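Asker: Pasting in a structure now, in structure tokens, and then I'll have a few things to ask.
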Amino acid sequence: MNRRGFLKTLGLAGATVVCPRTSGAAEPSGGAGEPYGVLVDTTRCVGCNTCTSACAEANGLPEPEDPEAVTRPTTTQWTAIGRYKTSKGEVFAKHQCMHCVSPACHSACLTAAMEKTARGPVVWREDKCMGCRFCMISCPFDGPKFEYSSTNPRIRKCVMCAERIAKGQQPACVDNCPEGALTFGKRNDLLREAHKRIGNAPDQYVDHVYGEREAGGTSWLYLASVGFEEIGFPANVGESSYPMLTAPFLYSVPFVLTLAPTLLTSVARAVRKGEEPHDGEASNPAGGNGSAPAPAGSPGFEEEDAS
Amino acid sequence: MNGAQSFSEGRPRGGRSLWRFLLSELKPKGPLFTVFNLVSVPVMIAAAVILFVRFTHGLSAVTNLSQEVPWGLWKGFNVVTGVAFAGGAYFVTLLVYVLGQKKYHSIVRITVLNGFLAYVFYAGALMLDLGRPWKMLNVVIGNSFGVSSVLFLIAWHFMLYMMAAFLEFSPAIAEWLGMKRLRRALSALTLGAVVFGITLSILHQSGLGALFLMAKGKVHPLWYSEFLPIYFLVSSVFAGLSVVIFEGTLSRRMFAWRMSEQHAAEHDGIVLSLSKICAAVMYAYVFLKVLDVVHGHKLALLGTSMGHWFLLEVVGFVLVPLAFFTEGVRWKSVAACKVGAVLTMIGIVLNRLNVSIIGFEWMQPVRYIPTPYEVVVTLAVILAEIWVLRWVIVRMPVLNDSPAWVREPVRAAEVPEAAPASV
Amino acid sequence: METLVQDPFASKGVEYLICLAFLGSLPAYWRHLNRPARLGMETAEEPVLSGWFHLPARAAFHAGHTWAAPAGPGRFRVGLDDFAQKLLGSPGAVALPAVGSRLQRGDRGFAIDVSGSRFDLPAPLAGRVVARNEAALRDPSLLGDPYGAGWLLEVRPSRWGSGLRSLMQGRSAREWLGRAEEALRLRMSPEVGAVLQDGGVPVPGIARALDEDGWEKLARELLARG
């Protein structure tokens with residue numbers, strides 16, 4: 001193998017080994033302490049859509065015109081109330097980015113434009129994104145939305161009011177919910193609160209906190225009176241964090257990068273012993289540069305037919 | 001009795017200076033109004049218009065991409081499928097340069113050229129699908145590395161592989177330009193470039209499968225598997241070889257006048273040998289698919305409509321071509337092998353599209369169907385690649401023998417042990 | 001939403017069986033793949049040609065002993081093969097169709113006059129004549145180099161049905177030439193055989209050397225056989 005290729009290989013292998021891998025939790029990018037979350041108690045939600053207006057105002061988005069018609073987030077409305085006819089009557093569920101503990105989008109983004117902040121929110125950074133939409137492919141909750149009709153398209157999604165949280169405030173939706181369906185706090189505290197509510201009123205709630213373990217855990221936790229697949233949550237998300245799904249592959253990369261060239265070169269040398277070097281090529285029996293049979297035209301055809 | 005003109009001459013470039021030579025090579029060589037030209041030029045012009053609209057009005061103006069299905073024909077076909085088809089390059093160079101199987105020597109250059117151009121055009125077509133292609137620089141210059149991303153790995157490997165493939169092909173360019181010393185220097189790098197290229201190919205062919213690992217609930221379970229990278233890698237072997245087989249028959253017709261005697265005579269033998277390799281690998285692949293269905297407890301799904309579609313792909317376009325290859329090898333029928341190759345290629349297209357588009361978010365009420373504009377652009381990318389391929393084949397020693405001066409020892413005494421040409 | 005705890009290796013047993021089935025079936029499949037379909041296919045070696053007649057790899061042959069070879073984009077050169085020209089000997093005259101005329105595959109392409117007898121040779125492909133070898137018209141002895149200076153026509157093949165694909169090349173051509181040689185050998189006299197062995201060819205042609213009186217009939221027969 002020539003020197004350049006070898007160094008390149010070594011460099012790449014080294015880089016991939018040395019760089020941190022996403023395991024259970026994403027690396028926080030600044031700040032300390034436990035991450036925050038929001039507890040959504042759907043039994044208290046009456047579908048008033050105050051949160052969607054508050055969100056629009058806080059993020060500089062247009063006021064939602066027909067909130068009842070929009071049941072899923074869009075590029076211009078980052079949270080939406082879904083209305084579901086369930087076995088226990090009409091249930092309202094607030095949908096937005098789940099701000100996973102170990103986000104798929106964060107590990108998917110090849111320019112590190114999706115950042116998992118230490119305080120919990122997953123934010124999109126405009127200056128890095130190249131619009132490849134791999135985050136959209138990877139997200140089990142269909143969080144990121146893309147501005148297809150723009151010439152400078154952005155990814156749009158709930159950012160859990162990261163700037164407000166940094167100032168010690170609550171997200172706009174939580175602040176403005178009149179029914180107290182939204183609770184902001186440290187994720188661990190919220191989990192405790194959630195289980196307490198279930199314990200206090202077991203016939204009112206399904207005994208499950210959605211987001212506790214789904215996709216390795218999300219920052220937005222949900223309580224409901226019916227099964228979560230009835231109110232628009234994906235049922236087959238599983239409990240392992242999504243980045244871990246790519247871990248076996250990514251972990252194998254350094255092995256391939258080191259073993260493959262070694263094996264290939266040794267086999268190539270072993271096979272070539274005793275071979276004549278092809279014409280038009282320097283022969284270096286002592287080894288040195290991997291001089292391979294050059295793809296020269298072989299002197300096969302004799303001038304048998306005069307042309 | 002020779003068709004190739006300036007190549008049997010003893011002097012590089014027929015003695016002309018480099019600039020005169022380049023100028024003369026830029027002229028079209030061959031009839032202008034062939035059927036291919038008349039069909040492909042309007043398509044490419046139309047695509048240029050469509051792309052202008054795409055960049056001035058956004059992706060939604062010309063595509064049917066949606067929030068649920070963010071990757072469509074351009075990524076799913078051009079990138080994911082096109083790269084699988086370029087797999088012939090790494091496998092053939094493995095056969096010739098690592099395993100020393102000289103009998104495939106005559107097809108190395110055309111296969112490597114095809115592979116290189118495929119990456120340039122198809123992976124390059126990726127840029128058309130990005131929301132902000134200019135930000136691609138972030139990935140390259142190290143402004144912002146998302147190292148835990150599979151796509152990061154693929155992007156880098158594509159770039160590095162293009163360089164490796166170009167290196168592998170560069171002796172042909174040096175021969176065309178008549179630069180003896182350059183050619184010798186480049187030839188010495190061949191094994192390194194080949195080893196590098198094979199390593200990279202292993203990782204990014206499987207990496208294309210790894211791209212969908214995080215789309216766990218979105219890719220239909222019959223196609224989703226934790227072993228998706230391995231399936232993509234294995235199928236890239238016979239995908240690439242089928243293209244080599246098929247392309248060989250095409251170039252044999254289109255460029256018969258350019259082929260060296262040796263090339264033409266060896267062609268049938270090569271087709272049969274490659275078909276044998278395809279057959280063996282496909283035999284294993286079928287078992288791997290069975291294993292996957294059992295391992296993932298997916299038997300029940302085979303009864304659904306998607307299940308029938310899955311069976312069509314595996315039975316109709318893996319098992320059936322496997323039979324064609326097997327019997328083609330046994331009966332020494334190049335025609336049967338060609339049929340097998342075409343069916344295999346269709347099967348690969350199906351498989352890749354099933355994973356990336358058709359089986360992606362299959363439960364959505366509104367399915368993704370590409371707009372005619374997307375189809376035109378996809379076609380134009382393929383046609384543009386063929387244009388460049390043709391330009392190169394007609395001028396450079398790809399299908400025919402290298403010029404005679406290759407066999408002469410280089411004048412300068414820099415290689416004291418240079419073995420004189422052993423004719 | 002409950003998540004069932006499943007044994008991750010539940011289907012391992014079946015999977016091992018599938019692997020065993022694969023390994024067990026592989027030798028059988030491999031044997032099948034490598035067993036040629038027709039008896040004698042593997043023993044059908046390349047015919048050992050006597051070397052009396054040149055058979056360049058690039059040319060493709062018509063059974064009537066004419067050849068076609070690529071000569072530029074969309075053009076093919078056409079001529080009579082070494083077997084025919086050696087069989088007939090040095091021609092007195094050559095008759096070629098005019099430039100622009102259309103050829104039909106298998107129909108008369110050109111004609112050779114030898115000692116007053118005219119031999120018509122079939123066009124190996126269908127197409128339009130774009131050039132003739134004027135030098136060969138003037139000096140028919142050039143046909144002594146049938147693949148080089150003795151080429152006869154340049155033809156632009158018809159787009160469809162040119163017949164190029166059905167010409168013999170490589171192995172099939174060698175088999176065919178082998179059969180032609182065999183037919184010749186059966187008629188051979190020891191003297192002619194000795195001459196050919198040395199690499200020389202009887203100047204008046206092999207047919208004449210074999211049968212002074214009935215050479216014309218013999219030549220037509222041997223040329224038609226192919």
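The values are calculated or read from the model by the stated rules, or taken from the named source; none is laboratory data. Quick caveat: nothing in here was measured; it's all calculated off a predicted structure. Glycine gets a Cβ as well: all are built from the backbone with ideal geometry, and neighbour counts include every protein chain shown. SASA here: full protein model, heavy atoms, side chains in, ligands and nucleic acids out. Shrake-Rupley method; radii C 1.70, N 1.55, O 1.52, S 1.80 Å.
Asker: Provide the three semi-axes, in whole Å and in decreasing order, of the ellipsoid equivalent to chain B as defined by the square roots of 5 times the Cα gyration tensor eigenvalues.
Answerer: 38, 26, 21
Asker: Rg and Dmax of the range B:155-313, Cα atoms, in Å?
Answerer: 20.3, 64
Asker: Using only the alpha carbons of the range A:57-130, what is the convex hull's orientation-averaged projected area in square nanometres?
Answerer: Dividing the Cα hull surface by four gives the mean projection, 6.9 nm².
Asker: What do you reckon, how do A:GLU214, C:GLU175, A:GLU57, C:GLU182 stack up by accessible area (1.4 Å probe), largest on top?
Answerer: The ordering from most to least exposed comes out as A:GLU57, C:GLU182, C:GLU175, A:GLU214.
Asker: Same structure again: Other chains near C:57-68: what is the mean number of their Cβ atoms within 10 Å of each residue's Cβ?
Answerer: Average neighbour count from other chains, rounded to a whole number: 3.
Asker: Okay, moving on. Given a cut-off of 31 Å, name the pairs among B:LYS332/C:LYS12; A:LYS94/A:LYS167; A:LYS128/B:LYS216; A:LYS157/B:LYS218; B:LYS298/B:LYS332 whose C-alpha atoms lie farther apart than that in the structure shown.
Answerer: B:LYS332/C:LYS12; B:LYS298/B:LYS332
Asker: Over chain B, average the accessible area per residue using a 1.4 Å probe and give it in Å², no decimals.
Answerer: Here the per-residue accessible area is 36 Å².
Asker: Within chain B, which whole H helices from DSSP have a Cα span along their axis of at least 24 Å and a mean Kyte-Doolittle hydropathy of 0.5 or more, if any?
Answerer: Helix filter hits for chain B: B:35-57, B:150-177, B:190-210, B:228-254, B:261-295, B:334-353, B:372-395.
Asker: Is there a quick way to get the dipole size of the range B:266-350? I mean about its Cα centre, with the Cβ of Lys and Arg at +1 and of Asp and Glu at -1; what is the value in debye to the nearest 20?
Answerer: 100
Asker: Let me ask something else. Find how many whole Å separate the alpha carbon centroid of the range B:274-327 from the alpha carbon centroid of the range A:63-134.
Answerer: Each part reduced to its Cα centre gives a spacing of 38 Å.
Asker: Same structure, new question: How much of A:THR43 can a 1.4 Å solvent probe reach, expressed as accessible area in Å² and rounded to 10?
Answerer: 50
Asker: Give the calculated FRET efficiency between A:ARG44 and A:THR74 to the nearest 0.05, with a Förster radius of 22 Å applied to their Cβ-Cβ distance.
Answerer: In this case the efficiency is close to 0.30.
Asker: Pop a pseudo-label 7 angstrom from the Cα along the beta-carbon direction at both C:VAL130 and B:VAL53 and give the gap in nm to one decimal.
Answerer: Output for this residue pair reads 4.0 nm.
Asker: Considering only protein heavy atoms, what is the solvent-accessible area of C:ARG102 at a probe of 1.4 Å, reported in Å² to the nearest 10?
Answerer: Accessible area of C:ARG102: about 150 Å².
Asker: Counting only the backbone N, which residues of the range B:79-121 are under 19 Å from the spot 7 Å out from the Cα of B:LYS29 toward its beta-carbon?
Answerer: Once the point is set 7 Å along Cα→Cβ of B:LYS29, B:107-114, B:117 turn out to lie under 19 Å by backbone N, inside the range B:79-121.
Asker: Going from most exposed to least, what order do C:GLU181, A:GLU63 have by accessible area with a 1.4 Å probe?
Answerer: Ranked list, largest accessible area first: A:GLU63, C:GLU181.
Asker: Averaged over B:340-347, how many beta carbons belonging to a partner chain fall within 10 Å of each residue's beta carbon?
Answerer: Neighbouring Cβ atoms belonging to other protein chains average 0 per residue here.
Asker: Here's something else I'd like to know. About the Cα centre of the range C:47-191, what is the dipole size in debye to 20, counting +1 per Lys and Arg Cβ and -1 per Asp and Glu Cβ, all else neutral?
Answerer: 640
Asker: Normalised by the residues of the range C:67-133, what does the relative contact order come to in percent, with Cα pairs under 8 Å and at least six apart?
Answerer: 29
Asker: What order do A:TYR84, A:TYR210 take when sorted by accessible area (1.4 Å probe), most exposed first?
Answerer: A:TYR84, A:TYR210
Asker: Can you compute the charge dipole magnitude of the range B:234-392 about its Cα centre, using +1 on each Lys and Arg Cβ and -1 on each Asp and Glu Cβ, nothing else charged? Give it in debye, rounded to the nearest 20.
Answerer: Values: 12 positive and 10 negative charges, 40 e Å.
The dipole magnitude comes to about 200 debye.
Asker: Here is a follow-up. At the nearest 100 Å², what buried accessible area, both sides summed, do you get for A and C when the probe is 1.4 Å?
Answerer: Heavy-atom accessible area buried at this interface is about 700 Å².
Asker: Compute the separation of the alpha-carbon centres of the range B:342-372 and the range C:94-109 and state it in Å as a whole number.
Answerer: What the calculation gives is 53 Å, centre to centre.
Asker: A further question on this structure: For the range A:157-200 and the range B:93-124, what is the separation of their C-alpha centers, rounded to whole Å?
Answerer: 58
Asker: What's the whole-number percent of alpha carbon pairs in the range B:267-354 lying beyond 17 angstrom? Walk me through the numbers before you get to the answer.
Answerer: Numbers: 1884 of 3828 pairs.
Above the 17 Å cut-off, the range B:267-354 has 49 percent of its Cα pairs.
Asker: Share of the range B:33-125's accessible area from carbon and sulfur, percent, 1.4 Å?
Answerer: 76
Asker: Rounded to whole Å and sorted largest first, what semi-axes of the equivalent ellipsoid does the C-alpha gyration tensor of the range B:292-332 yield via the square root of 5 times each eigenvalue?
Answerer: Each semi-axis is the square root of five times an eigenvalue, giving 28, 11, 5 Å.
Asker: Related question: With all pairs of different alpha carbon atoms counted, what Kirkwood hydrodynamic radius in Å does the range C:94-190 show?
Answerer: Kirkwood hydrodynamic radius for the range C:94-190: 15.0 Å.
Asker: A further question follows. Along the positive direction of the dipole of the range C:43-151 (beta-carbon charges: Lys, Arg +1; Asp, Glu -1; about the Cα centre), which of C:PRO97, C:GLN85, C:HIS65 reaches farthest?
Answerer: The one lying farthest along the dipole's positive direction is C:PRO97.
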